[in-house]
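Here's the structure, in structure tokens; my notes come after.
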Amino acid sequence: MVVEVRKKDIRALTKDQLRDFFVVQGDKAFRGNQVYEWLWQKSAHSFDVMTNISKEMRARLQDHFVINHIKVDQMQRSTDGTVKNAVKLHDDLIVESVLIPTETRTTACVSSQVGCSLDCRFCATARLKRMRNLNPDEIYDQVVAIDNQSRLYFQRPLSNIVFMGMGEPLMNYKNVLKAIDKITSPEGLGMSPKRITVSTSGVPRMIKKMADESVKFQLAVSLHSAIDEIRTSIMPFNSTFPLNDLRNALEYWYAKTRNRITYEYVVWKGINDTQADVDALVKFCRFAPSKVNLIEYNPIDDGEFQQASDIALQMYRNTLQDNGITVTVRRSRGKDIDAACGQLANKS
Ligand code: SAH
């Protein structure tokens, strides 16, 4: 009887584990470092390219391991330059990631889960149930793919990363952190953590954990309302993690990291477009230095949610500014290819 032995994903191994593998095979430990460099810094897709490793050892690696590389299955380009990738994983599941170019920067918007654990009513991704978490290498590969596209189409490397694709990064915390470690390590992409933003719907326990671990990246919170009743009606998980707990966690975050918090906020007609809504937001922003990013609503086809009027937006902007809170307005990018915030839903 032939028993098929399931091969291990080699990129789940630490550098020390790779070194140990070579020692156990009767080779030198430093070969492990060489393979590690091939896997991460050089993003090798196969063992054959690892030419500084003997043929025999390459065959042995092949016997024990696989390299589960992602594949860009489909690429769409928007009229505004935005690129959306449908990324196929080793088990044929698909996630999406987006390259967003501006005059001076290229930002990668990456996914952290297949589908999403949460249930925000205005978000297309929430309609896909969460299938699984992404592994660190699957997150890392999305970044590498977009870095390559940035060099190819815009003649410059990737400059920023936002975890604003599919999924809730803090519900896949361990893997997101491992991916960021690789992205920021000189043995990976060597990017500055200051150029990475993790966006969360707000999981208080995990925000505190991040603060305790002194992470160096930026934090964004998708707030959308600072009034519990309203927030629960549009983001039902808010009943499990109410605003008071979120606020405590954010205060803790600021006390530990001294890092300003960005709130992402969409203003919808008839939902959160009154003076009382913006007043609650101003009060919420007082707990820690913060900035509000007003995001344009990207309709997700059933018409239940509608972008608020310009007058309401102006009221938000004025009230926030009058209270000394920085406010920016984010125009949507890539709408024509369903690549904008909240539109990632594996449509194609
Ligand atoms: N789960 C994380 C990461 C997703 S980020 C989070 O919630 O932060 C995606 C961002 O787009 C979030 O700020 C989300 O609230 C926002 N968003 C979701 N649907 C949207 C839509 N239809 N239009 C505009 N923004 C949307």
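The values are calculated or read from the model by the stated rules, or taken from the named source; none is laboratory data. Everything quoted here is computed from the prediction, not taken from an experiment. In this analysis, Cβ positions are derived from the backbone assuming ideal geometry, glycine residues included, and neighbour counts consider all displayed protein chains. The accessibility values were calculated without ligands, DNA or RNA, using every heavy atom of the protein model including side chains. Shrake-Rupley method; radii C 1.70, N 1.55, O 1.52, S 1.80 Å.
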Taking Cα atoms only, Rg over Rh for the stretch 67-180 with Rh from the Kirkwood formula is 0.96
Hey, what's the chain come to in accessible area per residue, 1.4 Å probe, Å²?
47 Å²
So what is log10(I(q)/I(0)) for the stretch 210-348 at q = 0.13, 0.16 1/Å, when the Debye sum runs over its Cα atoms only?
-0.60, -0.90
Solvent-accessible surface ranking, highest first, for 309, 199 at 1.4 angstrom:
309, 199
Charge sum, other residues only, whose C-beta stays under 14 Å from residue 183's C-beta, Lys/Arg counted +1 and Asp/Glu -1:
0
Counting only residues 5 or more apart in sequence or on a different chain, those whose built amide H sits under 5 Å from that of residue 295 are 265, 266, 267, 330
Would you calculate the volume per residue, in Å³, of the smallest convex hull containing every Cα atom of the stretch 257-337?
106 Å³
Taking amide H atoms as placed 1.01 Å from N in the peptide plane, list the residues 5 or more away in sequence, or in a different chain, whose amide H sits under 5 Å from that of residue 130.
116
For every helix of n ≥ 4 consecutive DSSP H residues, a contribution of -39,500 (n - 2.57) applies; sum these over the chain, divide by its total residues, and give [θ] at 222 nm rounded to the nearest 500 deg cm²/dmol.
-10000 deg cm²/dmol
Probe 1.4 Å, all protein chains present, accessible-area order of 45, 90, 224, largest first
45, 90, 224
Rounding to the nearest 10 and keeping the result within 0 to 90°, find how far the Cα-based axis of helix 15-24 lies from the longest principal axis of the chain.
20 degrees
How much of the accessible area of the stretch 163-219, in percent, comes from carbon and sulfur atoms when a 1.4 Å probe is used?
49 percent
If one compares the long axis through the Cα atoms of helix 243-257 with the longest principal axis of the Cα atoms of the chain, the angle in degrees, nearest 10, works out at 60 degrees
Local electrostatic count at residue 166 - Lys and Arg +1, Asp and Glu -1, tallied over other residues with Cβ under 13 Å:
+2
C-alpha long axis of helix 55-64 to longest principal axis of the chain, angle in °
50 degrees
Starting from the Cα gyration tensor of the chain, multiply each eigenvalue by 5, take the square root, and state the resulting semi-axes largest first in whole Å.
40, 21, 18
Kindly sort 256, 182, 7 by accessible area of their heavy atoms, largest first, with the probe set to 1.4 Å.
256, 7, 182
Ranked highest first by the average count of other Cβ atoms within 10 Å around their residues, in what order do 215-223, 48-56, 101-109 fall?
215-223, 101-109, 48-56
